[in-house]
Amino acid sequence: MAASNIVEFRFLAEPTDVNFGGKVHGGMVMKWIDQASYACAAQWSKHYCVTVSANAIRFIRPILVGQMISVEARIVHTGKSSMHIYVVVRAGDPKANKQTVTNRCFITFMAKDEAGYPIKVPKFEPQSDEDKQLEKVAIHAKDFAKKLDNDFEEQLGWK
């Protein structure tokens, strides 16, 4: 069976997910994003994976208790041991057939072997035009993240 590059979680937002403002807490959304992207990375690589970075997490619209949540994570680019995953969160009335994008981001995971060392992952080959565009954006985000790390080290002395 070929490795699938997409994982989707679907569930209802619960009262325990709410912040003081009565909307779903941003930290809860980030947890959902991390869980779905981990499942996607592990499914793709068939190994234990660790989060390397979370880039450009956007909070576009609030999520309400009782809404149907869809968290879709998909591999859009791979390196030697890294997997770059585009995640989109949607929410809507479970009685309706319409969901709205509430969040999106890129998450990077690294596959590890049993001893904790990076391990090679299967190469992702984009098929659709959308996958090709997402891969370009992921590569741009990866290059920007490297530049940002370099700036922290060189300009601020942070290692």
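Which of the peptides 45-54, 11-20, 146-155 is most tightly packed, and how do the rest follow, judged by the mean count of other Cβ atoms within 10 Å per residue?
On the way: 45-54: 17.1, 11-20: 12.5, 146-155: 10.6.
Ranked from most to least packed, the peptides come out as 45-54, 11-20, 146-155.
Using only the alpha carbon atoms of the stretch 71-141, find the Kirkwood hydrodynamic radius as the inverse mean reciprocal pair distance, in angstroms to one decimal. Walk me through the numbers before you get to the answer.
Working: mean 1/r = 0.0732 Å⁻¹.
Here the Kirkwood hydrodynamic radius works out to 13.7 Å.
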Based on the Cβ-Cβ distance from PHE144 to ALA96, what FRET efficiency comes out when R0 is 22 Å, to the nearest 0.05? 0.05
1/(1 + (r/R0)^6) with r = Cβ-Cβ of LYS132 and LEU156, R0 = 41 Å, i.e. FRET efficiency to nearest 0.05, evaluates to 0.70
Ignoring ligands, DNA and RNA, what percent of the accessible area of the chain is carbon or sulfur (1.4 Å)? 56
Please give the charge dipole size of the stretch 47-159, origin at the Cα centre, charges +1 on K and R Cβ atoms and -1 on D and E Cβ atoms. Round to the nearest 20 debye. 300
Across the stretch 135-144, in residue order, what do the Karplus-derived ³J(HN,Hα) couplings come to in whole Hz, using 6.51 cos²θ - 1.76 cosθ + 1.60 with θ = phi - 60° and x for Gly and Pro? 5, 4, 5, 4, 5, 4, 5, 5, 5, 5
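Heavy-atom accessible area per residue, the stretch 1-93, 1.4 Å probe: how many Å²?
Result: 51 Å² per residue.
Which value results for Rg/Rh of the stretch 4-119 when Rg is the Cα radius of gyration and Rh the Kirkwood radius based on the inverse mean 1/r?
Values: Rg = 14.9 Å, Rh = 14.6 Å.
Rg/Rh: 1.02.
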Counting residues in the stretch 100-146 as N, plug N into 2.2 N^0.38 Å and put the Cα Rg over that result. 1.45
Using every Cα-Cα pair within the stretch 11-75, state what percent have a distance larger than 19 Å. 37
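The values are calculated or read from the model by the stated rules, or taken from the named source; none is laboratory data. Computed from a predicted model, the values in this text were never measured in an experiment. So basically every Cβ, Gly included, is an ideal-geometry build from the backbone, and we count neighbours across all protein chains shown. Side chains included, ligands, DNA and RNA excluded: accessible areas come from the protein's heavy atoms. Shrake-Rupley method; radii C 1.70, N 1.55, O 1.52, S 1.80 Å.
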